[in-house]
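Okay, so here's the structure we're looking at.
The values are calculated or read from the model by the stated rules, or taken from the named source; none is laboratory data. Note that the structure is predicted; figures quoted are calculated from it, not measured. Cβ coordinates were reconstructed from backbone atoms using ideal geometry, including for glycine residues, and neighbour counts include every protein chain displayed.
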Amino acid sequence: MRGFSYVLLDFLRANLRQAGRLGGWALAVALALAGATALLFLPLDAGGASTAGQPLLVLTLDPLLSEAEVNRLAWQIGGWPEALRVNFRFAGETDPEPLGERALVVEVRPGGQEALLARLAKLGGIRKVAALERRAAPAPFPSAARLGALAALVLGLGLSLALGYRAARRAAALWREEREILRLAGLGPLHLQGPFWALGVLVGLLGAALFLLALRLGLRFLPQDPGWRALARQTPLLTGVSFPVGALLGLLGSLLRPHS
């Protein structure tokens with residue numbers, strides 16, 4: 001093991017001449033981790049994490065009300081400033097919920113629900129009031145944010161593999177003489193190939209560290225919304241997962257190098 005440590009240190013010393021390429025490789029790993037995190041943890045639905053639903057009030061009507069009385073009641077409620085619009089519903093309808101009796105569905109202006117409930121409490125002919133919230137259906141195509149996260153993931157994966165391949169080939173050229181000496185000395189694959197694998201793992205770990213650093217800076221300095229707060233609760237999990245995943249990505253990049 002001591003012999004391998006000496007070989008690895010000599011290999012890393014030789015690769016100091018391509019520190020910039022290795023740094024780019026690590027950044028590509030960080031980009032892939034960021035894209036995967038955004039896809040898995042951030043609420044990237046079409047409406048966005050902060051989009052509020054439409055508040056509704058379902059007013060179950062007294063069955064003894066005549067059609068004229070129902071019409072007057074609907075016009076009265078529809079004229080209040082807290083109500084956006086009033087719609088009729090009949091027994092058997094399922095929008096916004098299954099109904100067993102005649103009802104009025106009132107769309108409420110933002111912030112006006114309490115005042116509207118107070119007004120409704122003074123009216124006759126209403127047997128029950130149920131508060132609901134209608135949320136917009138998801139868009140048939142992915143949102144721009146989700147497409148951006150997917151693009152970051154694909155770009156990061158592609159760059160990490162491509163840059164890993166180029167860095168590993170350059171590392172072989174920089175360490176050619178030392179590797180030939182080791183081969184002639186009869187050393188096994190651990191000493192000949194192990195340093196390349198270790199380099200990939202180290203670059204992957206550096207990429208994971210850069211990703212976690214960027215995440216912490218974002219959580220600290222960027223404007224906080226429900227999506228960021230939800231992501232902040234996942235920080236311990238991301239910390240535990242990012243390092244092994246980053247190490248695996250770095251190892252894959254180094255394995256693409258032709259072995260001779």
Which count do you get for residues in region 15-44 that are farther than 22 Å from LEU150 by Cβ and either outside any helix (DSSP H, G or I) or among the basic types (Lys, Arg) (or both)?
2
Selection from region 173-191 of residues surrounded by 16 or more Cβ atoms within 10 Å (Cβ to Cβ) and assigned to a helix (DSSP H, G or I) yields LEU174, ARG179, LEU182, HIS191
Under 8 Å between Cβ atoms, at least 6 apart or on separate chains: pull out the pairs that start in region 230-245 with a residue that is more than 12 Å from LEU212 (Cβ to Cβ) and among the aliphatic types (A, V, I, L, M) and end on any residue that is at pLDDT below 90 and exposed (fewer than 13 other Cβ atoms within 10 Å of the Cβ).
none
When you scan region 81-94, do you find a residue that is more than 43 Å from the chain's Cα centre (by Cα), surrounded by 15 or more Cβ atoms within 10 Å (Cβ to Cβ), modelled with pLDDT of 90 or more and assigned to a loop (DSSP other than H, G, I, E, B), even just one?
no
